[in-house]
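Notes for the one structure printed next.
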Amino acid sequence: MSPWRYELALLLRSRMAAAGLALLVALAVASLASGLQRIDSQRQAIERIAPLQQQDLAAVVAAHGDSTDAGHAAYYTFHPTWNPPSALAFAAIGMRDVAPYVLRVRALGLEAQIHDGDAFNPELALAGRFDYAFLLTFLLPLFVVVLVHDLRSAETESGRERMLRSLPGSMERLYLRRCAVRGLALLACVALPFVGFALHQQVPLSLVAAVVAAVAAYLLFWIVLALLVARLGWSSTANAASLATLWVAIALVLPTLSHVAIERTIRVDQGAEIARAQREQVNRAWDIPREDTMARFYARHPEWSDSAPLGDGFHYKWYLAFHQNGDESVAGMAAAYRDGVERRSAAAARLGWLLPPVGMQALLTRWAETDMQAHLAYQDRIRAYHAALRRFYYGYLFRDRPFTGDDYARAPKFDPEHVARPAR
């Protein structure tokens, strides 16, 4: 029997080790299944958008289709947007569990609509969902502690080390081989279930390989840490206690303290503040002369300035104009909010170079397109689509073109990958 096969047989002969590996496989499968169930439910919700939108649009046309005023359509019609999950999203849910992935918008003020839907539970964001990224980041190191903490101390405490030293071959080579067998066993327990789920979800092979390589590197960090502690010559109990303390510090305490420091250093107002300020500007527009509202709007959008003057009655082009004025009045706040969020995200990414658990989470969510950058990219697509909606309705309102029931279907359709353009 080769030394490698012997070490594997010795590992599996231990009931605790065998039970630990079996438990790790079960947890890996459970985490992957949990993530996939969550992502499948989101995919199903997105698939229901089209038929529900047709029903909603039919109700709006039935109620307001006899009106020739495009303002009615702009006010009453909701237009869906959605952020489809990537193939790898099941492995790292990330922001998809706390931020909206479906948002229905109207051609009114956008900032309030975006930031109303952008509220999420900070407790969920802190704890995270039990997915594959959670298993790797927080639970896998504990299995390393269990299997590697007494790699050498157990032989010393049992008195077998003297006998082993009398055998031909280097003791260091023996311990390294034993450690490699345990590490490969742990890697197989978490990597093989992932590969199976990833192939089922049609994740690109290059991305599957990259994730497995990242898992191997993360596993190697904890194994090297355990070997460094073992070289101190302490007892098995002291080794386990020391490694558990390091796990608490590296995986829990230091990331939490670092994120608190980032939040206090990089101040970011809540999105609700932007929504409130935008609403205040919109409500204020009812109390100021309509000519002032239109002059402000035309100054920023001269392409519509040749529109016919407002009459004495209510006109939706004035209503939509002061909604856009409200958005533009908080543009500075929105830009500062975006800049602060991006700087926080960049600081957290840099933190990953110092704290491997943070880096592992950041890497997986980036590859799965479930991080803050992916959420901000979704907001960018919403903004581009909303601008297309405004242009569509403004073409009727500011040119006094009648809006018929057939025109509802000509409104721009949201494309989750590209900027929406008005249908022809």
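The values are calculated or read from the model by the stated rules, or taken from the named source; none is laboratory data. Just so it is clear, the model here is predicted, and its values are computed rather than measured. Don't worry about glycine lacking a Cβ; one is built from the backbone with ideal geometry, like all the others, and counts go over all protein chains shown.
Test residue 277 against the stated conditions and say whether it is under 22 Å from residue 383 (Cβ atoms) and at pLDDT below 95. So residue 277 fits the description; yes. Taken together, the residues in segment 41-65 that are free of Cβ contacts under 8 Å to residues at least 24 places away in the same chain and either under 21 Å from the mean Cα position of the chain (by Cα) or outside any helix (DSSP H, G or I) (or both) amount to 4.
Conditions (1) free of Cβ contacts under 8 Å to residues at least 40 places away in the same chain; (2) hydrophobic (A, V, I, L, M, F, W, C); (3) under 30 Å from residue 362 (Cβ atoms); (4) in contact with a Leu (Cβ under 7 Å, 6 or more places away or on another chain), marked per residue:
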| position | (1), (2), (3), (4) |
| --- | --- |
| 240 | no, yes, yes, no |
| 245 | yes, no, yes, no |
| 260 | yes, yes, yes, no |
| 272 | no, yes, yes, no |
| 296 | yes, no, no, no |
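A single entry from 28, 9, 22, 70 fulfils the requirement of being in contact with a Leu (Cβ under 8 Å, 6 or more places away or on another chain) and outside the structural domain of residue 406 (by TED's automatic domain parsing): 28. The set of residues from segment 66-89 being in a helix (DSSP H, G or I) and within 18 Å of residue 378 (Cα to Cα) comprises just one member, 89.
Here residue 41 meets the list (1) farther than 30 Å from residue 316 by Cβ; (2) surrounded by 15 or more Cβ atoms within 10 Å (Cβ to Cβ) almost entirely, failing just condition (2). In this structure, does residue 362 turn out to be of a type in the set (A, V, I, L, M), in the same structural domain as residue 320 (by TED's automatic domain parsing), surrounded by fewer than 17 Cβ atoms within 10 Å (Cβ to Cβ) and without any contact (Cβ under 8 Å) to a residue 24 or more places away in the chain? No, not satisfied.
Do we find a residue being modelled with pLDDT of 95 or more and not in a helix (DSSP H, G or I) anywhere in segment 210-233? Among the residues of segment 210-233, not one is modelled with pLDDT of 95 or more and not in a helix (DSSP H, G or I), which makes the answer no. Scanning segment 387-419 for residues that are of a type outside the set (D, E, K, R), within 30 Å of the chain's Cα centre (by Cα) and not in a loop (DSSP other than H, G, I, E, B) yields 387, 388, 389. Scanning segment 301-321 finds no residues that are small (Gly, Ala, Ser) and within 30 Å of the chain's Cα centre (by Cα). Of all the residues in segment 250-309, those that are more than 24 Å from residue 332 (Cα to Cα) and in a loop (DSSP other than H, G, I, E, B) number 6.
The lone criterion from (1) among the aliphatic types (A, V, I, L, M); (2) assigned by TED's automatic domain parsing to the domain that holds residue 350; (3) surrounded by 12 or more Cβ atoms within 10 Å (Cβ to Cβ) left unmet by residue 250 is number (2). Among the conditions (1) under 30 Å from residue 33 (Cβ atoms); (2) modelled with pLDDT of 95 or more; (3) assigned to a helix (DSSP H, G or I), residue 245 misses just one, which is (1).
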